[in-house]
Amino acid sequence: MPTRVVGDLSDLPESASGASHLVWWGNIGFMAIEGTAFALAAGAYLYLMSQTAGWPPDGVRPPDLLWPAVLTLGLFVSEIPNLWVRRCAKAKDERGVRIGTLAMTVLGLLLLIPRGIEFGHLNVAWYDNAYGSLTWMLLVLHTSHLITDIGDTAVQSVWLYTHEVGDDQFADVEDNANYWTFVVLTWIPVGALVYLAPRFG
């Protein structure tokens, strides 16, 4: 049977980044799924809050604000190196992505310190009541995303320092930077629910 040529693909690039890369779309889909999980958790929190006379219940103080303020400031500041490493990835700056992913790994690990302290200043245990369970659920949910991305960044950093850096690695660094921005942005509504809703709800 004779071969029929239907198109010439020789001019297509060997690799791509951004929306031209399949993994980029996978990352967007993952963020959409995780965003839905945050929305469902927030919905459960707001529903029970609307059905309860006191929020938090009588005898329970709202969470302390110092350590979440430290964490929030740290998350916003972390976007400076995060945006820089994303720019380096787009520019295919090998030295930049190596330094940037290492810096983001260290910064992420440092941010786990105020997050860990936060749990001791919620002023309620997860098993005390529905308010406590939902408060802990939201904080644990966001913490799991923090740890996931820090771990991913650490693995990327080790790989970049021990292997040759190619187009696929630059695309991976860009996707990881996008996900960190997602983690930072999701903290705004989650933090508002955990720390402001009990004060103004």
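The values are calculated or read from the model by the stated rules, or taken from the named source; none is laboratory data. Worth saying up front: this structure is predicted, and the values here are computed from it rather than measured. So basically every Cβ, Gly included, is an ideal-geometry build from the backbone, and we count neighbours across all protein chains shown.
Residues of segment 118-157 that are among the hydroxyl-bearing types (S, T, Y), within 23 Å of P62 (Cβ to Cβ) and part of a helix (DSSP H, G or I): Y131, S133, T135, T143.
In the set W84, W55, only one residue is surrounded by 14 or more Cβ atoms within 10 Å (Cβ to Cβ), over 15 Å from the mean Cα position of the chain (by Cα) and within 23 Å of D168 (Cα to Cα); that residue is W84.
For segment 194-201, indicate whether the set of residues that are closer than 22 Å to G43 by Cα and not in a helix (DSSP H, G or I) is non-empty. There is at least one residue in segment 194-201 that is closer than 22 Å to G43 by Cα and not in a helix (DSSP H, G or I).
Okay, residues lined up against (1) modelled with pLDDT of 95 or more; (2) out of contact with any Asp or Glu (no Cβ under 6 Å at 6 or more places or on another chain); (3) more than 20 Å from W24 (Cα to Cα):
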residue: V60; (1), (2), (3): no, yes, yes
residue: A69; (1), (2), (3): yes, yes, yes
residue: L73; (1), (2), (3): yes, yes, yes
residue: L83; (1), (2), (3): yes, yes, no
residue: R86; (1), (2), (3): yes, no, no
residue: D93; (1), (2), (3): yes, yes, no
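For segment 10-58, the tally of residues that are among the polar types (S, T, N, Q) and at pLDDT 90 or above stands at 3.
Among residues of segment 25-40 that are assigned to a helix (DSSP H, G or I), those with a Cβ under 7 angstrom from a residue that is among the aromatic types (F, W, Y) and surrounded by 12 or more Cβ atoms within 10 Å (Cβ to Cβ), sequence gap 6+ or separate chain, pair up as N27/Y179; M31/Y179; M31/F182.
D172 - would you say it is modelled with pLDDT under 95, part of a helix (DSSP H, G or I) and surrounded by fewer than 17 Cβ atoms within 10 Å (Cβ to Cβ)? Spelling it out, it is not the case that D172 is modelled with pLDDT under 95, part of a helix (DSSP H, G or I) and surrounded by fewer than 17 Cβ atoms within 10 Å (Cβ to Cβ).
Based on what the data block shows, is R115 in contact (Cβ under 8 Å) with a residue 24 or more places away in the chain, farther than 24 Å from P62 by Cα, of a type in the set (D, E, K, R) and touching a Leu at 6+ places or on another chain (Cβ under 8 Å)? So R115 does not fit the description; no. Going by the conditions given, is D152 farther than 19 Å from V190 by Cα and crowded, with 16+ Cβ neighbours inside 10 Å? For D152, the condition - farther than 19 Å from V190 by Cα and crowded, with 16+ Cβ neighbours inside 10 Å - is met.
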